[in-house]
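What follows is a short report on a single structure.
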Amino acid sequence: MRSRRALPLLVLLLGACGAPRDLPEPDVVARIGGEDVRRGEFETYLVRNAGGGETLASEPLSVLFDRFVEERLLCRLAGQRGVAARDDPPRRAVDALLAADGPLEPTAEEIAAFYREHRTAFEQPERVRLRQLLTGDRRVAERARRELAAGSPFDAVLKRARQADPAADGRDEGELLLADLPPLFAGALARLGSGETSAVVEVEYGFHVFQVAERLPARLIPEAEAAPQVRRELARRQADARMQALLAAAERAFAVTVYDRSLPFIYSGRFPVARPYG
């Protein structure tokens with residue numbers, strides 16, 4: 001009698017021992033919320049974002065793989081919240097998820113506070129608005145310098161220089177900091193006022209002539225002028241914070257497991273790893 005009563009238990013134990021585990025297929029590189037993610041999907045992501053990634057080492061590939069998983073997490077969250085369809089492109093799904101909480105629009109008070117707190121970032125040192133002419137012929141450069149110093153328009157001087165030396169070049173360089181220029185050029189410009197022309201500056205590849213179109217004094221950019229730049233920076237920070245909050249919500253909603261043995265590199269990312277095949 002005892003052996004008969006033990007038989008059903010033995011059958012159950014044997015059945016449990018022989019039951020197949022929920023093993024991923026060999027090309028599954030991750031499981032997100034119970035759904036398998038295959039190697040080919042990551043390869044498509046690499047082509048889209050890193051040109052294929054064939055020459056990348058394991059560390060940057062691990063970073064890219066984590067970003068891929070994060071993108072998939074956000075897509076799953078977008079679907080769960082009903083702001084994107086399952087077959088929407090990832091970028092559209094993520095954008096829809098970010099937009100679902102309303103526009104990123106810093107307030108006037110936030111802009112003013114940022115400006116006050118980062119006032120030194122809006123201090124501009126002295127600048128010059130610079131024109132330059134470059135030629136391989138010293139005689140052409142000297143003639144251009146004389147014409148500019150006499151008040152001839154820069155474009156007309158450049159045109160005549162090109163007639164004498166077809167390789168001559170010149171342009172308005174816009175606003176520049178003297179500190180950003182090579183020392184040789186900065187020295188040639190240091191004492192020039194608005195409208196003045198430098199001496200010919202010889203370098204190994206030719207001869208420069210500089211004209212200071214305008215010398216701009218150091219100043220503090222006013223808040224009204226800085227506001228668009230501040231608004232963009234605050235909106236970027238708000239978007240980053242919203243993205244991090246959404247990622248945290250997605251990771252709470254969908255468990256992630258990485259099957260690193262299925263990846264063609266040594267994974268060192270931040271997601272948990274499983275090796276069901278040993």
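The values are calculated or read from the model by the stated rules, or taken from the named source; none is laboratory data. Please read all numbers here as calculations on a predicted model, not as lab measurements. In this analysis, Cβ positions are derived from the backbone assuming ideal geometry, glycine residues included, and neighbour counts consider all displayed protein chains.
Structure above, values below:
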| read-out | value |
| --- | --- |
| Output for the range 124-164, where each listed residue is part of a helix (DSSP H, G or I), within 26 Å of ARG215 (Cβ to Cβ) and touching a helix residue (DSSP H, G or I) at 6+ places or on another chain (Cβ under 6 Å) | ALA144, GLU147, LEU148, VAL157, ALA161 |
| Filter result (closer than 13 Å to ARG72 by Cβ and either in contact with a strand residue (DSSP E or B) (Cβ under 9 Å, 6 or more places away or on another chain) or of a type outside the set (Asp, Glu) (or both)) within the range 35-48 | ASP36, VAL37, ARG38, GLU41, PHE42, THR44, TYR45 |
| Complete set of residues in the range 103-120 that are among the hydroxyl-bearing types (Ser, Thr, Tyr) and not in a helix (DSSP H, G or I) | THR107 |
| Pair list, Cβ under 8 Å, 6 or more apart: the range 96-109 residue among the acidic types (Asp, Glu), other residue surrounded by 12 or more Cβ atoms within 10 Å (Cβ to Cβ) | ASP101/ARG242; GLU105/ALA235 |
| In the range 227-269, residue nearest to PHE114 (Cα to Cα) [restricted to those that are hydroxyl-bearing (Ser, Thr, Tyr) and out of contact with any helix residue (DSSP H, G or I) (no Cβ under 9 Å at 6 or more places or on another chain)] | THR257 |
| Residue identified as over 30 Å from GLU202 (Cα atoms) and touching a Cys at 6+ places or on another chain (Cβ under 6 Å) among ALA100, ALA93, ALA112 | ALA93 |
| Lone unmet requirement of (1) aromatic (Phe, Trp, Tyr); (2) modelled with pLDDT of 95 or more; (3) under 37 Å from the mean Cα position of the chain (by Cα) for PHE185 | (2) |
| Filtered residues of the range 165-193 (kept if within 30 Å of ALA218 (Cβ to Cβ), touching a helix residue (DSSP H, G or I) at 6+ places or on another chain (Cβ under 7 Å) and not hydrophobic (A, V, I, L, M, F, W, C)) | GLY170 |
| Evaluation of ARG219 against (1) among the basic types (Lys, Arg); (2) surrounded by fewer than 16 Cβ atoms within 10 Å (Cβ to Cβ); (3) modelled with pLDDT of 95 or more (one fails), failing number | (3) |
| Subset of the range 42-75 [of a type in the set (D, E, K, R), closer than 25 Å to LEU98 by Cα and modelled with pLDDT of 95 or more] | ASP66, ARG67, GLU70, GLU71, ARG72 |
| Hey, ARG31 touching a strand residue (DSSP E or B) at 6+ places or on another chain (Cβ under 7 Å), under 30 Å from ILE266 (Cα atoms) and at pLDDT 95 or above or not | yes |
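Residue-by-condition table, conditions (1) buried (at least 16 other Cβ atoms within 10 Å of the Cβ); (2) modelled with pLDDT under 95; (3) in the same structural domain as ARG76 (by TED's automatic domain parsing); (4) on the phi < 0 side of the Ramachandran plot:
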{"site": "ALA93", "(1), (2), (3), (4)": "yes, yes, yes, yes"}
{"site": "ALA108", "(1), (2), (3), (4)": "no, no, no, yes"}
{"site": "ALA113", "(1), (2), (3), (4)": "no, no, no, yes"}
{"site": "ARG116", "(1), (2), (3), (4)": "no, no, no, yes"}
{"site": "LEU134", "(1), (2), (3), (4)": "yes, no, no, yes"}
{"site": "ALA141", "(1), (2), (3), (4)": "yes, no, no, yes"}
